[in-house]
Ligand code: MN
């Protein structure tokens, strides 16, 4: 057996001390409409939320986020979830996200961190499989064996996240696996079947084209409006580079 080598490092402890620090460091909130976020206070009585966002960044993936201790624990799942219990889907752990991120649907500008279209693909609540609440979830997350029951529109029933290893950047790789329960179904390809937003019913193209029109068009026909917007922006901060 391998000896237990690395205990919690100072670095990791520092990360834990400032919730959402990495999330905020990676983003320029003057350029992206994603929420800046702050860690929410504990409300232990309320059901914990989850969201799965389909994200067409440089590589299409599904962001799987579970509420725990005032933030959304987050994993990027390149192929998305599968209802087939024999399928193990790679889930790369990413930085904790703010709870407000759950409602974010739109486009992150090109060139910004995670640039591309984001869709709210599923959402709902979830709980520890053993009924042990947040304490059980916290223990499962730390142990790298997180057994959950999901109550979403598209994702329902038991699932497990199993931690495999950390990569060079100290990022953990996990596997997302469907439990063998009454909701398992090896013939159902939910990622192929469900291609619209559960929040707005829009497709990725519809979300993307609306975002281009509203936020990043530099050829608006309404020159006067554009110029007054520019003047307002100029008063607030130095002119942006063209
Ligand atoms: Mn993402």
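We did not get these values from a lab; they are worked out from the coordinates using the rules stated. Predicted model, so just to flag it, every value in this text is computed and none were measured. Here the Cβ is made from the backbone with ideal geometry for all residues, glycine too, and neighbour counts use every protein chain on show.
Observations on the model:
- In a fully extended conformation the segment linking residue 47 and residue 92 would gain 13.7 nm over its present Cα-Cα distance, using 0.36 nm per residue.
- Put in line by how crowded their Cβ is, counting other Cβ atoms within 10 Å and starting with the fewest, 82, 169 read 169, 82.
- For the stretch 86-142, the relative contact order is 18 percent, taking Cα pairs closer than 8 Å that sit 6 or more residues apart in sequence and dividing their mean separation by the residue count.
- Centre-to-centre, using Cα atoms only, the stretch 28-102 and the stretch 150-171 are separated by 10 Å.
- Three-way shape label, the stretch 20-117, alpha-carbon gyration tensor, a/c 1.5: oblate
- Label-point gap, in nm, between residue 209 and residue 135 - each point 7 angstrom along Cα→Cβ: 5.4 nm
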